[in-house]
Amino acid sequence: MTKRHASLPPDAEAGVDAFIDSVDERLASDEDTCDVVQDVLVDLFGDRDAYEDWQAGGDVTPAERVRLQGYDPCNATLESEYYAEKDEERFERSKHLQWLWRQFDATPMADNVEFALRFRQMLATHLFDEVGENCRFFKGITFTYGHNITMGDNVVVHDDVHLDDRGALEIGDRVSISDSAQVLSHDHDIVDQTEVENYRTIVEDDARLTYDTMVRAGSKLGENSVVGAKAVVDGDVPAHHVAVGQPAKSVRVKPGWEDVAEPIEDRLERNKEERRIEYDLPDDLDAFDEFERDLQPPGSPTPDGR
């Protein structure tokens with residue numbers, strides 16, 4: 001059964017088109033991205049009068065000042081801002097665009113599906129490394145950076161999905177990612193969790209991730225594969241296979257594809273090491289362990305050999 005078509009009334013349609021086109025043009029211009037984001041958010045939250053009064057020197061409470069300053073992404077920090085290996089130059093712009101995406105989702109207009117899907121598609125063309133046509137991004141999607149995501153045509157990403165592109169995500173055409181799924185591209189060392197390894201994670205054409213699935217870093221979902229609800233994928237799901245469980249295993253081939261699907265006997269093959277992304281940290285990095293732990297096992301020699 002296909003879905004129904006839905007549309008806005010003509011006046012609302014004209015308003016949506018005009019707004020999205022204006023933001024798109026400004027983001028594509030030489031105008032400072034931070035200024036564009038701030039201006040758009042002030043208007044989306046209906047705070048123009050208060051903002052102009054504050055800019056003119058009017059009195060505001062501490063809470064009002066924090067709110068008004070918060071429309072400027074330069075006055076905010078994101079978790080990924082603290083990651084040592086990030087590309088500083090690319091991150092500056094993607095941070096501003098990600099702030100606009102996240103704050104838009106906090107407005108009432110984010111629930112207007114016809115408007116919100118088109119607005120996020122437009123933002124994705126500026127935020128992602130590559131994005132195809134006719135993608136549908138629903139509410140509450142988060143990214144690490146955004147700029148390490150490539151995505152094909154007609155992709156749908158549902159509510160509250162996390163696309164972790166600390167490494168890189170390659171998502172093909174017609175991929176469906178259901179609510180609360182996580183697609184990851186980085187791992188932490190099992191002993192020292194401050195040690196991070198980044199990978200390319202691949203989701204090929206027509207693959208489908210169902211509700212609350214997790215795809216671990218460096219995995220690959222083959223063409224036309226399906227991952228069952230709440231499964232944890234740690235390896236490569238072959239094309240046309242259905243994988244379920246924790247850890248996920250192939251339990252069947254999709255009906256009609258038996259003659260072209262490769263057989264699989266046991267657990268998923270792991271090829272993550274060939275997808276590792278090496279990186280260098282700055283020489284002047286002030287490295288620290290935020291947990292301030294002693295990671296030496298009991299009985300291990302101290303640094304002086306005792």
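Of note:
- Summed over region 263-278, residues that are in a helix (DSSP H, G or I) and touching a residue at least 24 places away in the same chain (Cβ under 8 Å) total 3.
- Residues of region 79-119 that turn out to be open to solvent by less than 30 Å² (accessible area, probe 1.4 Å), under 13 Å from the mean Cα position of the chain (by Cα) and within 23 Å of GLU31 (Cα to Cα), as a count: 5
- Test for LEU44: is it within 20 Å of TRP101 (Cα to Cα), of a type in the set (A, V, I, L, M) and out of contact with any helix residue (DSSP H, G or I) (no Cβ under 6 Å at 6 or more places or on another chain): yes
- Residues that are small (Gly, Ala, Ser) and over 21 Å from HIS186 (Cα atoms), drawn from region 247-306: SER250, GLY256, ALA261, GLY299, SER300, GLY305
- Once region 1-35 is narrowed to residues that are among the acidic types (Asp, Glu) and under 29 Å from ARG90 (Cα atoms), the residue that is most open to solvent (accessible area, probe 1.4 Å) is ASP30.
- Residues in region 87-115 that are touching a residue at least 60 places away in the same chain (Cβ under 8 Å) and not in a helix (DSSP H, G or I) were compared, and the one that is nearest to TYR279 (Cα to Cα) is ASP87.
- Test: residue in region 296-306 that is surrounded by 10 or more Cβ atoms within 10 Å (Cβ to Cβ) and in contact (Cβ under 8 Å) with a residue 12 or more places away in the chain: no
- Of the residues examined, GLY235 is one that is open to solvent by less than 20 Å² (accessible area, probe 1.4 Å), modelled with pLDDT of 95 or more and on the phi > 0 side of the Ramachandran plot.
- Total residues in region 142-174, condition within 17 Å of ASP129 (Cα to Cα) and part of a loop (DSSP other than H, G, I, E, B): 15
- Members of region 120-138 found to be surrounded by fewer than 18 Cβ atoms within 10 Å (Cβ to Cβ) and in a loop (DSSP other than H, G, I, E, B), listed by number: ASP129, GLU133, ASN134
- In the set GLU52, GLU79, GLU25, GLU13, only one residue is farther than 27 Å from ASN112 by Cβ and of a type in the set (Asp, Glu); that residue is GLU79.
- Matching entry among SER80, SER22 (being of a type in the set (S, T, N, Q), without any contact (Cβ under 8 Å) to a residue 24 or more places away in the chain and either within 16 Å of MET109 (Cβ to Cβ) or part of a helix (DSSP H, G or I) (or both)): SER22
- Count of region 172-189 residues which are among the hydroxyl-bearing types (Ser, Thr, Tyr) and either free of Cβ contacts under 8 Å to residues at least 12 places away in the same chain or under 26 Å from TYR279 (Cβ atoms) (or both): 1
- For region 193-223, a tally of residues being closer than 14 Å to ILE171 by Cβ and either open to solvent by 10 Å² or more (accessible area, probe 1.4 Å) or among the aromatic types (Phe, Trp, Tyr) (or both) returns 8.
- Which listed residue, of VAL260, VAL242, is in a strand (DSSP E or B), farther than 23 Å from GLY140 by Cα and over 16 Å from the mean Cα position of the chain (by Cα): VAL242
To keep it simple, each residue is scored yes or no on (1) over 24 Å from GLU13 (Cβ atoms); (2) hydroxyl-bearing (Ser, Thr, Tyr); (3) modelled with pLDDT of 95 or more.
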residue	(1), (2), (3)
GLU52	yes, no, yes
LEU100	no, no, yes
MET109	no, no, no
LEU117	no, no, yes
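- Whichever residue in region 36-57 is on the phi < 0 side of the Ramachandran plot and surrounded by fewer than 11 Cβ atoms within 10 Å (Cβ to Cβ) and, among such residues, is farthest from the chain's Cα centre (by Cα): ALA56
- Complete set of residues in region 65-78 that are within 30 Å of ASP17 (Cβ to Cβ) and open to solvent by 40 Å² or more (accessible area, probe 1.4 Å): ARG67, CYS74
- Count of region 172-192 residues which are open to solvent by less than 10 Å² (accessible area, probe 1.4 Å) and of a type in the set (Val, Ile, Thr): 3
The values are calculated or read from the model by the stated rules, or taken from the named source; none is laboratory data. If you're wondering where the values come from, they're calculated on a predicted model, not measured in any experiment. Cβ: placed from backbone, ideal geometry, glycine included. Neighbour counts: every protein chain shown. Each accessible area value is taken on the protein alone, full model and side chains, heavy atoms only, with ligands, DNA and RNA left out. Shrake-Rupley method; radii C 1.70, N 1.55, O 1.52, S 1.80 Å.
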